[in-house]
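Shown next, in structure tokens, is the structure this report addresses.
The values are calculated or read from the model by the stated rules, or taken from the named source; none is laboratory data. Since the structure is predicted, the reported quantities are computational estimates derived from the model, not experimental observations. All Cβ positions, even for glycine, are placed from backbone atoms using ideal geometry, and neighbour counts span all protein chains on display. The area values use the complete protein model at the heavy-atom level, side chains included, leaving out ligands, DNA and RNA. Shrake-Rupley method; radii C 1.70, N 1.55, O 1.52, S 1.80 Å.
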Protein chains: 2
Amino acid sequence: MNSTVLRCYVVLDLAVVGPRCPVELTQAVLRGGASAIQLRGKDRPLRELAHLATALLPLVRAHNVPLIINDYVDLARAIDADGVHLGAHDLPPALARRCLPQGIIGYSPADCADLLSSLGADYLGVGPIYATSTKADAGQPIGTQGLQTLRAATELPVVAIGGITPTNIAEVLRSGVDGLAICSSVLCAADPHTAMCSIVSTVNTYFD
Amino acid sequence: MNSTVLRCYVVLDLAVVGPRCPVELTQAVLRGGASAIQLRGKDRPLRELAHLATALLPLVRAHNVPLIINDYVDLARAIDADGVHLGAHDLPPALARRCLPQGIIGYSPADCADLLSSLGADYLGVGPIYATSTKADAGQPIGTQGLQTLRAATELPVVAIGGITPTNIAEVLRSGVDGLAICSSVLCAADPHTAMCSIVSTVNTYFD
């Protein structure tokens, strides 16, 4: 996996999307420069997620951006998505690898000790950096201090997640991460496309 | 799939197992003649289910009985289980087939209209036949009348499920099913092995 796909990684959380159209939002953030799209629908039937993911595939492919499925390795394989993102309650990355030999596998470790479970993963999602209302079970914020601790404990690429907004992007990037996972900051923006463009510009300036 | 695996199909529901040891229970019902074991752990982390399923595999293999995983196609593939059982909220059988080209795929249709979704399945789970406390979202009992309606509407092998006990086995078998899914009747029995032997004897007498 090329770690540049983590730079401006959009988590399309259907609970955050609310009544907006997830397909239109995806188009807007892709045009704005999103480097990856993660489809997250914690409480949705897999049948519904399968339909949506299938609709998103041609969009992401047109932008040469990976589609990552949250939690469901079987769904990712069935629709030929590019990867999965897993947490401590999901299939461990080493087992997921048997289903997705070529896919991108992301893992959110519960803490430093849980890094052992990341065996088989291609990248780590680390957070929540700041308080977030996006994910009910996200846990206590770890701050950039906690982020730096995890960053130092692994050689895997790291994407920071949780409460990331235009005002704290610079601070997070200074922690040595490979990218930022963005959710509400673009999905709930008055103009998601413009919000995405702005974040992408800030992030690229830092890396380039 | 040989439909005889459906004859005395034990649903190892971890909520029903309670404090008993699921491995010992599985050994007891296998020795008693169970024709298939379905591992169901609706609220359990996949990591825990993966450990348990891996422990069950050598037991079922020693009895030449399939291990079917409830809901999680990825887990089934990752641990090389024999199949999955899916419901209306899970990955549709036709998509699951892409993950498990050789596996047994069971499907519980919500009703006759939902039989269309069974495309790709090897067998159907139909029920609940009677009232059951095993599965909170099982829905209203369909009775043997509803069972016969579904039985007539499909050519797939059918296993009846829900509230099946020694006292109603004969009535269910007369509906033309290929087998019975048993849960509390054996898992909660004072002596699960003897309870299983008794049910297997009754069922085999009917078929032989």
All positions within the stretch B:83-98 that are assigned to a helix (DSSP H, G or I) and hydrophobic (A, V, I, L, M, F, W, C): B:ALA94, B:LEU95, B:ALA96
Which residues, counting only those in the stretch A:91-115, are open to solvent by less than 20 Å² (accessible area, probe 1.4 Å) and at the interface with another protein chain (Cβ under 9 Å from one of its Cβ atoms)? A:LEU91, A:ALA96, A:CYS99, A:LEU100
Residues that are among the basic types (Lys, Arg): find the strands (runs of 3 or more DSSP E) completely inside the stretch B:1-82 holding 1 or more of those. B:36-40
Suppose we filter B:CYS8, B:CYS21 for residues that are touching a residue at least 40 places away in the same chain (Cβ under 8 Å), more than 14 Å from chain A (Cβ to nearest Cβ) and not β-branched (Val, Ile, Thr); which single one remains? B:CYS8
Is at least one residue of the stretch A:16-36 under 24 Å from A:PRO192 (Cα atoms) and of a type in the set (Ser, Thr, Tyr)? yes
Quick check on my filter: what residues within the stretch A:68-82 are more than 14 Å from chain B (Cβ to nearest Cβ) and surrounded by 24 or more Cβ atoms within 10 Å (Cβ to Cβ)? A:ILE68
Filter the stretch B:118-164 for residues that are β-branched (Val, Ile, Thr) and surrounded by 16 or more Cβ atoms within 10 Å (Cβ to Cβ) and give the result. B:VAL126, B:ILE129, B:THR132, B:THR134, B:ILE142, B:THR144, B:THR154, B:VAL158, B:VAL159, B:ILE161, B:ILE164
Can you name the residue in the stretch A:166-183 that is touching a residue at least 24 places away in the same chain (Cβ under 8 Å) and surrounded by fewer than 18 Cβ atoms within 10 Å (Cβ to Cβ) and is also nearest to A:ALA15 (Cα to Cα) among such residues? A:PRO166
